Amino acid sequence: MDEDQIEGCVSGYLKQKGFTQDDNHLQLTNTDSSLQPDNTLNRTQLERSSARYHDGYCRLRAWAYRSLESYKHELLRVLYPVFIHCFMDLVARGYLHEAWNFFNTFREDHEKMHSRDLQKLELVLSPTQLEEMEFAHSLRQSKFNIKICGYSYELLLQHLHSMQSTTIIGVINEHISFKVTNGQPSSISDDPEAVTLTGNIQDAANHVNQKEILWGMFEDSVEDHIDKAGALLLDAEKGEGEGKEGENDESKKRSIDGGKQGSSVKKVRKDKAISATGKNAKPEVSTISAVPRIKPELPVSTVSTDVELSILEDLRNRVQLSSVALPSVNFYTFVNTHNGLSCSSISHDGSLIAGGFSDSSLKIWDMAKLEQSTSSFSQGGNDTWQNEQIIGQNSGKRQYTLFQGHSGPVYAASFSPAGDFILSSSADKTIRLWNTNLNANLVCYKGHNYPIWDVQFSPAGHYFASCSHDRTARIWSMDRIQPLRIMAGHLSDVDCVQWHVNCNYIATGSSDKTVRLWDVQSGECVRVFIGHRSMILSLAMSPDGRYMASGDEDGTIMMWDLSSGCCVTPLVGHASCVWTLAFSCEGSLLASGSADGTVKFWDVTTGIKVPRNEENRSGNTNRFRSLKSLPTKSASVYSLQFSRRNVLFAAGALAKSD
């Protein structure tokens with residue numbers, strides 16, 4: 001069959017199928033098909049462009065690690081933003097195989113500092129998933145702000161020009177902003193302020209942080225009444241002393257004694273004002289009077305007379321703490337828990353210790369019922385620990401009270417201010433209220449859709465707050481089974497919650513690396529604190545309500561000014577997760593407990609007095625002072641609680657020995 005016959009057959013077949021195009025179109029189609037070799041060439045060029053990410057990053061990484069030691073840690077800060085954006089660019093362009101080779105080759109460099117971010121990014125398997133992931137979207141819409149000294153910045157520019165990698169230069173220009181400082185490079189390599197995110201997230205936070213908040217103390221509290229009465233008595237005594245300057249010491253003493261006999265209440269209050277610290281109380285009064293009093297927006301129940309007298313007695317015996325007068329510490333260690341202890345809580349006076357366990361049980365130890373002061377407890381009633389044997393021989397009962405009702409691990413527990421109630425939250429999505437006097441479960445609160453990570457009583461009692469894996473925090477009252485407020489806005493799990501001292505706000509820490517402050521009355525977010533590089537695990541409010549401390553998974557603690565929303569000072573010293581934070585009663589010291597098995601004391605007043613913009617010329621950002629570190633016997637510190645007498649109670653679980 002010749003060529004003309006073949007074309008005729010083909011044309012006849014196409015006409016039978018409904019095609020009416022002529023032969024010229026067929027010839028044009030053949031001409032278009034001849035462009036296939038050029039398409040293959042373009043594909044090869046694209047493969048070469050995808051390799052530029054790997055080659056450019058590899059060259060930048062090798063140069064940074066070969067740099068001088070004094071500049072290396074600053075230059076290494078550039079690698080992580082370049083790494084994740086190179087990976088996301090490769091995924092977005094469809095080079096999935098090249099992207100995963102790149103990710104697996106260099107992820108070990110960033111595993112220590114950014115392991116949680118890498119765990120999120122490794123879930124990206126397609127460009128569609130990259131677009132839908134909130135974390136990746138926030139990274140691509142924001143810029144990394146890197147602090148670097150002038151000389152390191154010049155070295156980086158010279159290297160980028162010499163390597164002539166337009167791909168890496170484009171990534172840096174688009175996603176990194178440099179904050180060039182004068183002087184020598186920073187003396188610390190893990191400065192939490194060295195690498196921060198700016199962009200849409202920061203702009204939104206700045207807009208929110210312009211709202212006005214009232215950060216003062218709780219008005220009409222027992223402590224407030226006593227402090228006011230003490231201040232009035234001191235002023236009256238001062239005026240009386242000025243009017244009787246000519247009298248001798250003996251007449252003054254008789255006058256004072258006569259005044260004391262006039263009223264037993266005044267005597268107690270004056271003793272508190274003058275002898276609560278064992279020193280002259282005038283500095284304390286002047287400091288307290290300078291703090292504004294804020295009336296709580298929530299209705300607060302009155303305090304019973306017995307509770308008020310107990311608080312008064314504690315305040316009279318309060319020890320004044322400072323950088324040279326550290327508190328006494330009573331540490332309780334849970335042993336034989338077999339990794340079953342999920343949380344612990346300590347009552348305000350230290351008389352009750354609670355532990356939540358993975359077997360869904362809640363156990364409470366009463367210190368007053370123990371015949372001997374101890375610092376160790378065992379999890380189960382079948383353990384043959386020495387103290388249990390003594391208790392069993394005398395009473396025939398186990399040394400703790402067992403509360404059962406949850407159907408999942410107990411993740412958090414919180415005592416009421418008076419210690420007569422305790423809340424527990426669980427993986428079963430419920431919160432339970434228990435009476436410690438009746439040893440009974442009173443209420444089961446349901447509302448969260450996922451496990452509840454934390455629950456906290458308000459400073460005034462009756463109200464409490466919870467947070468959950470469902471990315472929300474909720475406000476509850478003891479007399480209602482449904483939440484009063486729902487706070488939504490975090491992009492990931494809300495891991496911890498803490499009340500402000502005036503009960504008008506709650507703070508929440510999240511896995512999205514932010515801390516938010518919420519108005520209890522309106523449910524609106526009034527502050528967003530950005531600066532942490534890992535999930536927030538613990539929060540604490542200063543007694544005057546002006547400052548907040550937050551601890552994260554990397555061991556970094558950040559002190560925040562609530563009025564401005566800015567970080568006052570970072571506290572770097574722990575080597576692992578900061579599980580718990582607590583301020584002393586007068587707010588001069590901050591105690592932190594960590595999974596590294598230490599309790600650390602920080603001089604908070606020293607860090608607060610140094611302004612944020614007055615960094616020394618060497619670039620050192622450590623404006624805090626670590627006073628002391630107390631190591632435990634291989635026990636992770638789960639909870640800290642300052643009593644009203646400024647005694648620090650701590651609890652933790654003994655790590656399982658290999």
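Exactly one residue among 414, 407, 466, 375 is among the small types (Gly, Ala, Ser), modelled with pLDDT of 90 or more and within 15 Å of residue 344 (Cα to Cα), and that residue is 414. Of the strands (runs of 3 or more DSSP E) that lie entirely inside the stretch 431-537, those containing 3 or more residues that are in contact (Cβ under 8 Å) with a residue 40 or more places away in the chain and not polar (S, T, N, Q) span 452-457, 463-468, 472-477, 494-499, 505-510, 514-519, 525-530. Within the stretch 466-482, the set of residues being surrounded by fewer than 24 Cβ atoms within 10 Å (Cβ to Cβ) and touching an Asp or Glu at 6+ places or on another chain (Cβ under 7 Å) comprises 469, 471. Within the stretch 304-343, the only residue that satisfies the criterion of being aromatic (Phe, Trp, Tyr) and under 22 Å from residue 420 (Cβ atoms) is 332. Looking only at residues in the stretch 538-560 that are in a loop (DSSP other than H, G, I, E, B) and within 11 Å of the chain's Cα centre (by Cα), the one that is nearest to residue 586 (Cα to Cα) is 555. For the stretch 566-575, the criterion of being touching a residue at least 60 places away in the same chain (Cβ under 8 Å), surrounded by fewer than 21 Cβ atoms within 10 Å (Cβ to Cβ), out of contact with any Pro (no Cβ under 6 Å at 6 or more places or on another chain) and not β-branched (Val, Ile, Thr) is met by at least one residue. Which number in (1) among the basic types (Lys, Arg); (2) at pLDDT below 95; (3) more than 22 Å from the chain's Cα centre (by Cα) marks the one condition that residue 471 misses? The one condition residue 471 does not meet is (3). All conditions but one from (1) on the phi > 0 side of the Ramachandran plot; (2) at pLDDT 75 or above apply to residue 316; the one that does not is (1).
Checked across the stretch 575-588, the condition of being under 28 Å from residue 322 (Cβ atoms), in contact with a Lys or Arg (Cβ under 7 Å, 6 or more places away or on another chain) and in a loop (DSSP other than H, G, I, E, B) holds for at least one residue.
Applying the condition of being among the hydroxyl-bearing types (Ser, Thr, Tyr) and modelled with pLDDT of 90 or more to the stretch 577-592 and asking which residue is farthest from residue 534 (Cα to Cα) yields 584.
The values are calculated or read from the model by the stated rules, or taken from the named source; none is laboratory data. Keep in mind the model is a prediction, meaning the values are calculated, not measured. So basically every Cβ, Gly included, is an ideal-geometry build from the backbone, and we count neighbours across all protein chains shown.
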